[in-house]
Amino acid sequence: MIGIFYSYVVPTIHVFACLFLIVVVLLQTGKGADMGAVFGGGSQTLFGSGGAGNFLTKLTAGTAIAFMVTSLILTYGASRNPSTGLLRRLPTSAAEPAPAAAPEAGGEPSSPPPAAPEAPVEAPVGAPPAGQQ
């Protein structure tokens, strides 16, 4: 029942509150609308020249509160139900430590690379010693 509430009811209310908030804000007159009425311009608003300012202000505030509350409910519902267990699906080879980074091109390495052990070179039995030919 709660899953249906978070999946269908709250998002529907949220979308309607969003659209209604846009319409209510666009219906309100700007601050410059009264200036045109002073100099003889007729005010062609939906609610008349002086009315509905208080009504639209209260309607905007109520719709904004509904929008914010549904936003918080949707956020809470999304954080309570993790969609994937990504950490549980990691392969075990990914948990191995990464090799050390190569030294920078301009600088010297902090320690020399380990030298390969050299095996003593033996001369063949009938060969003359090195340097004498």
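The values are calculated or read from the model by the stated rules, or taken from the named source; none is laboratory data. Not measured: the values here are computed from a predicted model. Every residue, glycine as well, gets a Cβ built from its backbone with ideal geometry; the counts of neighbours run over all protein chains shown.
Please determine whether any residue of the range 41-51 is assigned to a helix (DSSP H, G or I), at pLDDT below 95 and surrounded by 11 or more Cβ atoms within 10 Å (Cβ to Cβ). Give the derivation first.
To start, the set of residues in the range 41-51 that are assigned to a helix (DSSP H, G or I) comprises none.
For the range 41-51, residues assigned to a helix (DSSP H, G or I), at pLDDT below 95 and surrounded by 11 or more Cβ atoms within 10 Å (Cβ to Cβ): absent.
For Leu74, the conditions (1) at pLDDT below 60; (2) in contact with a Pro (Cβ under 8 Å, 6 or more places away or on another chain); (3) in a helix (DSSP H, G or I) all hold with the exception of (1). Residue count for the range 1-31 satisfying the condition of being farther than 29 Å from Asn54 by Cα and of a type in the set (Val, Ile, Thr): 3. Within the range 11-35, the residues that satisfy the criterion of being over 21 Å from Ala61 (Cβ atoms) and either modelled with pLDDT of 85 or more or surrounded by 14 or more Cβ atoms within 10 Å (Cβ to Cβ) (or both) are Pro11, Thr12.
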